[in-house]
Amino acid sequence: MTITVNILYQGEGEKAHLFADEMVSSGLVYKIRQQSGNLRYEYFVPLDNQQAILLIDEWENQEAIDIHHKSLMMTKIAELREKYQLRLKVTRYQQID
């Protein structure tokens, strides 16, 4: 049962882009992609909102997401979201086999 989570990050000016850049440059994105159960972790810029960043985050199952959410990486992600004062909108999709 694959689970896909879309997170739309929005902030003032370039803050969402700076957040994504720091996620990549700090190595957090690489570490998340290496976690067991992670299938996809990619950032995109919506054509209709150039200041936002869309994260598509895909996992094998809920257990993999739960382990990710309990990891120290989530603390770092939360600190970066606060640093850049981001708002987020989360949409979750679950593939039913």
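The values are calculated or read from the model by the stated rules, or taken from the named source; none is laboratory data. Remember, predicted model here, so these are calculated numbers, not experimental data. Because the Cβ atoms are built from the backbone with ideal geometry, glycine has one as well, and the counts that use them run over all protein chains shown. The protein model used for the area step is the full one, side chains on, heavy atoms only, and it has no ligands, DNA or RNA in it. Shrake-Rupley method; radii C 1.70, N 1.55, O 1.52, S 1.80 Å.
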Checking the condition under 11 Å from the mean Cα position of the chain (by Cα) and more than 17 Å from residue 68 (Cβ to Cβ), which residue from 8, 28, 47, 18 passes?
8
Residues of the range 9-23 satisfying the condition of being touching a residue at least 12 places away in the same chain (Cβ under 8 Å) and in a helix (DSSP H, G or I)
15, 16, 17, 18, 19, 20, 22, 23
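The rows are residues; the columns are (1) surrounded by 12 or more Cβ atoms within 10 Å (Cβ to Cβ); (2) over 14 Å from residue 76 (Cβ atoms).
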{"residue": "14", "(1), (2)": "yes, yes"}
{"residue": "25", "(1), (2)": "no, no"}
{"residue": "32", "(1), (2)": "yes, no"}
{"residue": "35", "(1), (2)": "yes, no"}
Expected single match for modelled with pLDDT under 95 and either open to solvent by 60 Å² or more (accessible area, probe 1.4 Å) or out of contact with any Phe, Trp or Tyr (no Cβ under 9 Å at 6 or more places or on another chain) (or both) among 72, 88 is 72
Name the single residue that is nearest to residue 1 (Cα to Cα) among those in the range 38-82 being charged (D, E, K, R) and in contact (Cβ under 8 Å) with a residue 40 or more places away in the chain.
60
Conditions: (1) open to solvent by 60 Å² or more (accessible area, probe 1.4 Å); (2) closer than 22 Å to residue 86 by Cα; (3) in a helix (DSSP H, G or I). Residue 67 meets all but one. Number of the miss?
(2)
Residue check: is residue 78 out of contact with any helix residue (DSSP H, G or I) (no Cβ under 8 Å at 6 or more places or on another chain), farther than 14 Å from residue 16 by Cα and either aromatic (Phe, Trp, Tyr) or not in a loop (DSSP other than H, G, I, E, B) (or both)?
no
Meets criteria (in a loop (DSSP other than H, G, I, E, B) and open to solvent by less than 100 Å² (accessible area, probe 1.4 Å)) for residue 6
no
